[in-house]
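Report on the structure given below.
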């Protein structure tokens, strides 16, 4: 162990003396019997900043962060709530559809109903909830729903 590393460890121990840390923390190596590390671990906090796209450019910058689409469970096991940080799904209000016929005038809902197994669609600016048929597996529906929602957000 280098002299500098030993000095840092001693300073850390002095600063955190008597404080409790997680059992699986690398800083517990001297306090928890049976846990020994081959060498000290340094924790580095690095920011991975990515420049946002240019505001005056309609095209997406190749360095722009990818929007994330998350699926969240709901109390109904046949429904998933999809949220994103890429912007609103709808400009305002809300829309609820229980059939493809009801969704005829809404391009997003019409595309979601084109997915086999989709039975209900609820759209707000912040999220979209999609309900599937009880006998349908989410593994068969979810990728298609995510693709439709991503396409919708990119076209806005």
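The values are calculated or read from the model by the stated rules, or taken from the named source; none is laboratory data. On a predicted model such as this, the values are computed, not experimentally measured, just so you know. Neighbour counts are summed over all protein chains in view; Cβ atoms, including those assigned to glycine, are modelled from backbone coordinates with ideal geometry.
The set of residues in the stretch 98-137 being touching a helix residue (DSSP H, G or I) at 6+ places or on another chain (Cβ under 9 Å), surrounded by fewer than 18 Cβ atoms within 10 Å (Cβ to Cβ) and in a helix (DSSP H, G or I) consists of 107 alone.
So how many residues does the stretch 87-97 have that are surrounded by fewer than 17 Cβ atoms within 10 Å (Cβ to Cβ) and over 20 Å from residue 117 (Cβ atoms)?
Here is the first cut: in the stretch 87-97, the ones surrounded by fewer than 17 Cβ atoms within 10 Å (Cβ to Cβ) are 87-88, 91-94, 96.
Now restrict to residues that are over 20 Å from residue 117 (Cβ atoms): 87-88, 91-94.
Total satisfying the criteria: 6.
Restricting the stretch 57-97 to residues that are under 11 Å from residue 149 (Cβ atoms) and assigned to a loop (DSSP other than H, G, I, E, B) leaves a set whose member that is modelled with the highest pLDDT is 89.
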